[in-house]
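A short reminder: the numbers here are calculations on the coordinates, not readings from a lab. Note that this is a predicted model, so its numbers are computed, not measured. Counting neighbours? That spans all protein chains shown, and the Cβs are built from the backbone with ideal geometry, glycine included.
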Amino acid sequence: MAGAAAADRAASASHAKSALDLARRLPDLAVSAREAAASVMHGVHGRRRSGVGEAFWQFRPFTMGESASRIDWRRSARDDRTYVREREWEAAQTVWVWVDRSPSMDFASDLARASKRDRATVLGLATADLLVRGGERVALMGLTRPIAARNVVDRFAEVLAGPDGARSAADELPPPEPLPARSRALVVSDLLSGADDVASRLALLGSAGALGHVVAICDPVEETFPFAGHVEFADTDGPARLRLGQAASLRGTYLAKLAAHRDRIAEACRRQGWTFAVHRTDRPATEALLRLATLLADGGPSASAP
């Protein structure tokens, strides 16, 4: 009992340290996200539409950071709130972003350009920036409501660094709530939870009709298992250790299990019309970002590796 309690305390301390480390890095990650978004802007097309059949208006509260030109002053004059008028189709163009910040995402080998967590954060923030520039609204699952503010990167970074972000930093899966119908999702994670757990959570997210895109972030050594000889592996979530005398002898088994794990998740995505892709942290973030921008602009399902 005492050993379990000590392990829990150690895990909690590790989670808190990881959240604090991320909070300290977020300003630099926000800069990287804006730079990545700017470099692929030419591949993004806003989803502005017009037509008689789409002239159905509705109103929502004005959000700080939005352009004042979006305010409907006539509607706002009816009460004490400021409202923005938008077409019904615009209300549906919301993308819900979830970035895995659990302890396993801290990993970065010598072959990687960044840790999995830093890369996932940059991709999430940069995608949000591109979407807002394209005229869409974005939200962080479980943390914010949809916004279309031009300073979305800074605002989301502040949320991730704040108390709400810290409380959810250890979560290995997105919040267990269905997303609104006709909205879209972006899930960026190493997907190291059980394949059935991942598939079940994705099915719940899309149960009301939302479509989505899942990006599996992996370090190159996780992808290739280049280990040989005596190797000790450490659990990122606890004190467990695994010592191998001939690590290379397990490479084939490991790679087969990894492929089977991903295949199950990819199949779950296909069944609900979502896309699945793998992105390695030894590749530029812009490779994955450009592919995501294309998928989100097109809105159609596909399976590929950014």
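Computed values, structure above
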| read-out | value |
| --- | --- |
| In range of the label at H230: residues from the range 236-257 whose backbone nitrogen is under 14 Å from the point 7 Å along Cα→Cβ | 243-247 |
| Mean Cβ neighbour count within 10 Å, used as a protection proxy, ranking 93-106, 140-153, 163-176 highest first | 93-106, 140-153, 163-176 |
| Taking T253, T127 and counting other C-beta atoms within 10 Å, the order from fewest to most | T253, T127 |
| Label point distance in nm, D28-L204, each placed 7 Å from Cα along Cα→Cβ | 3.5 nm |
| Amide hydrogen neighbours beyond the local backbone of Y83, cut-off 5 Å, H modeled | F62, D72, S76 |
